[in-house]
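Let me begin by presenting the structure, written as structure tokens, before commenting on it.
The values are calculated or read from the model by the stated rules, or taken from the named source; none is laboratory data. If you're wondering where the values come from, they're calculated on a predicted model, not measured in any experiment. So basically every Cβ, Gly included, is an ideal-geometry build from the backbone, and we count neighbours across all protein chains shown.
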Amino acid sequence: GAGVSQSPRYKVAKRGQDVALRCDPISGHVSLFWYQQALGQGPEFLTYFQNEAQLDKSGLPSDRFFAERPEGSVSTLKIQRTQQEDSAVYLCASSLGYTKGVNEQFFGPGTRLTVL
Amino acid sequence: GENVEQHPSTLSVQEGDSAVIKCTYSDSASNYFPWYKQELGKRPQLIIDIRSNVGEKKDQRIAVTLNKTAKHFSLHITETQPEDSAVYFCAALIWIKAAGNKLTFGGGTRVLVKP
């Protein structure tokens, strides 16, 4: 079946521009996560959704970062007034959800954001 | 919050030899420990995981061990092959029902298998 997909795969933005990154999770997956992966480092947690509810946004680095999942499927990560330090790969992951116990998070291919 | 340390950061082995990667975690409440393999420009993919009620798990050439007392876990790859070359990440998770299950990752180990 189809895995997690993300678009665009690459995004170049000028400093100060707003960007929107899209994630399509695996169909039926309740949980959705966003991670930020800087070059040469491990992914770092940004935010977590269970269906449409954003249950944890403790990893969002500033109020310029905003995520939503209005219908409990597709999610969008929006970054306002981008800065050079926002340059990273943004990974989306989905899983079956907590009612199934702890279970595998499946990752998308990521969106590589470069802020000039 | 949870902190995961991973060593070494790079590992070069001869084809056929074994590779060992070690991780430590800080929060004794962590109860799930997956390992991901990430090839250049690709997505992280789960290769093996272990839960806190298990001390060791094996899947063909890959094994993971967990020492809860010492709060460390290790990945062992035997009979390494060139296609094992990649970056490997360990992670820890505190699974709390309905409260989310975010992964905390180590910094990664770049493994190079030389033919």
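When you check B:GLU56 against the structure, is it out of contact with any Phe, Trp or Tyr (no Cβ under 6 Å at 6 or more places or on another chain), farther than 23 Å from A:GLY3 by Cα and of a type in the set (Asp, Glu), yes or no?
yes
Based on what the data block shows, is B:PHE105 crowded, with 17+ Cβ neighbours inside 10 Å, in contact with a strand residue (DSSP E or B) (Cβ under 9 Å, 6 or more places away or on another chain), away from chain A (no Cβ under 14 Å) and touching a residue at least 12 places away in the same chain (Cβ under 8 Å)?
no
Can we say A:SER5 is modelled with pLDDT of 95 or more and among the polar types (S, T, N, Q)?
Yes, satisfied.
Quick one: in the stretch A:9-68, of everything that is aliphatic (A, V, I, L, M) and outside any strand (DSSP E or B), which residue is surrounded by the most Cβ atoms within 10 Å (Cβ to Cβ)?
A:LEU60
If I go through the stretch A:43-68 residue by residue, how many of them are away from chain B (no Cβ under 14 Å) and among the charged types (D, E, K, R)?
4
Check the stretch A:52-75 and report whether any residue there is modelled with pLDDT of 95 or more, more than 16 Å from A:GLY3 (Cα to Cα) and aromatic (Phe, Trp, Tyr).
Yes.
Can you give me the number of residues within the stretch B:52-78 that are in contact with an Asp or Glu (Cβ under 8 Å, 6 or more places away or on another chain) and either in contact (Cβ under 8 Å) with a residue 60 or more places away in the chain or over 15 Å from B:CYS90 (Cβ atoms) (or both)?
Qualifying residue count for the region: 1.
Tally the residues that are over 13 Å from the mean Cα position of the chain (by Cα) and surrounded by 14 or more Cβ atoms within 10 Å (Cβ to Cβ), restricting the search to the stretch A:69-79.
The total comes to 1.
Of the residues in the stretch B:1-51, how many are under 15 Å from the mean Cα position of the chain (by Cα), more than 12 Å from B:LEU75 (Cα to Cα), buried (at least 18 other Cβ atoms within 10 Å of the Cβ) and free of Cβ contacts under 8 Å to residues at least 24 places away in the same chain?
Summing the residues that are under 15 Å from the mean Cα position of the chain (by Cα), more than 12 Å from B:LEU75 (Cα to Cα), buried (at least 18 other Cβ atoms within 10 Å of the Cβ) and free of Cβ contacts under 8 Å to residues at least 24 places away in the same chain in the stretch B:1-51 gives 0.
When you go through A:ALA53, A:ALA38 one by one, which is the residue that is at negative phi and in contact (Cβ under 8 Å) with a residue 24 or more places away in the chain?
From the options A:ALA53, A:ALA38, the qualifying one is A:ALA38.
Please go through the stretch A:92-116 and pick out each residue that is away from chain B (no Cβ under 14 Å) and buried (at least 16 other Cβ atoms within 10 Å of the Cβ).
Scanning the stretch A:92-116 gives A:LEU113, A:VAL115.
Would a scan of the stretch B:61-80 turn up a residue that is assigned to a strand (DSSP E or B) and within 11 Å of another protein chain (Cβ to nearest Cβ)?
no
Answer yes or no as to whether B:ILE50 is farther than 21 Å from A:VAL89 by Cα, modelled with pLDDT under 95 and part of a strand (DSSP E or B).
yes
Just checking, which of A:VAL74, A:VAL89 is among the hydrophobic types (A, V, I, L, M, F, W, C), in contact (Cβ under 8 Å) with a residue 24 or more places away in the chain, more than 14 Å from chain B (Cβ to nearest Cβ) and in contact with a Pro (Cβ under 9 Å, 6 or more places away or on another chain)?
Just a single option satisfies the conditions, and that option is A:VAL74.
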